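The values are calculated or read from the model by the stated rules, or taken from the named source; none is laboratory data. In this text, all values refer to a predicted model and were calculated from it rather than measured experimentally. FYI the Cβ positions are ideal-geometry reconstructions off the backbone, even for glycines, and counts take in every protein chain you see.
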């Protein structure tokens, strides 16, 4: 992987991580088009640059994250992230094996788009408009909804937003709690991929940080996180603007169109 491809991956990560459109599907499509080889470092890089996207949420909502008097905010996130941490560890290898087949990912992308088209009709009651009004029970239920994103193509953002809507959150409250929940979730995933997971890189078991110390990998990592941060800040602002004006339908149609394109591409041209 060179610097150009590292920046491309970072742009896709920043654009799609917080939108309900599946960053995994976009990564696979882009990797195929630009010939990005899916070696162990690339896989680790795709996960670890989520750190830049995490910082985007902390930057935009810094008052929330640094309000140490609001202990319940941190406790709700801690409760909500537990299901993903436990199930993610249990099914890590199985999830990785599914990533090799883009066809089911495209199908899930389409199905998720259909759900987003009708989400307002599916969940009609939206009376929770503030994070302070989210109960601990609702927080952990949303956390279990987030686990649906372990199925590649679902989208972590879409799953947790749908969970929020099901728990009677308004559009904005559901989207913002999805952003907040992403911080501990992706921080844990990034930490695991860099410091704990054994990667079979070039036939040798290595930790992520060991791969980062080779060649230009550290430079790619730092630049990738910076790019992901900047793009994610813009993407979050754009998403909230579209969400408040048009709801989830634009994202539903987008998922369906992209899913169909991916199906055609991977069944006819690869």
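Below are the figures for this structure:
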read-out: Residue 228 surrounded by fewer than 17 Cβ atoms within 10 Å (Cβ to Cβ) and within 22 Å of the chain's Cα centre (by Cα); value: no
read-out: Answer from 222, 226 - the residue that is touching a residue at least 60 places away in the same chain (Cβ under 8 Å), over 29 Å from residue 101 (Cβ atoms) and outside any strand (DSSP E or B); value: 226
read-out: Residue among 77, 87 that is farther than 30 Å from residue 261 by Cα, more than 13 Å from the chain's Cα centre (by Cα) and buried (at least 19 other Cβ atoms within 10 Å of the Cβ); value: 77
read-out: Output for segment 114-140, where each listed residue is farther than 24 Å from residue 67 by Cβ and in a helix (DSSP H, G or I); value: 114, 115, 116, 117, 119, 120, 121, 122
read-out: Conditions (1) loosely packed, with under 13 Cβ neighbours inside 10 Å; (2) at pLDDT below 95; (3) farther than 23 Å from residue 120 by Cα; number of the one not met by residue 245; value: (3)
read-out: Pairs, first over 9 Å from residue 183 (Cβ atoms) in segment 50-71, second not in a helix (DSSP H, G or I), C-beta under 6 Å, six or more apart; value: 53/17
read-out: Where a residue in segment 185-212 is part of a loop (DSSP other than H, G, I, E, B) and its partner, wherever it lies, is modelled with pLDDT under 95, with Cβ under 6 Å and at least six apart; value: 198/205
read-out: Filter pass, residue 154 being outside any helix (DSSP H, G or I), touching a helix residue (DSSP H, G or I) at 6+ places or on another chain (Cβ under 8 Å) and crowded, with 20+ Cβ neighbours inside 10 Å; value: yes
read-out: Residues (surrounded by 12 or more Cβ atoms within 10 Å (Cβ to Cβ) and over 14 Å from residue 1 (Cα atoms)) located in segment 199-221; value: 199, 206, 207, 208, 209, 210
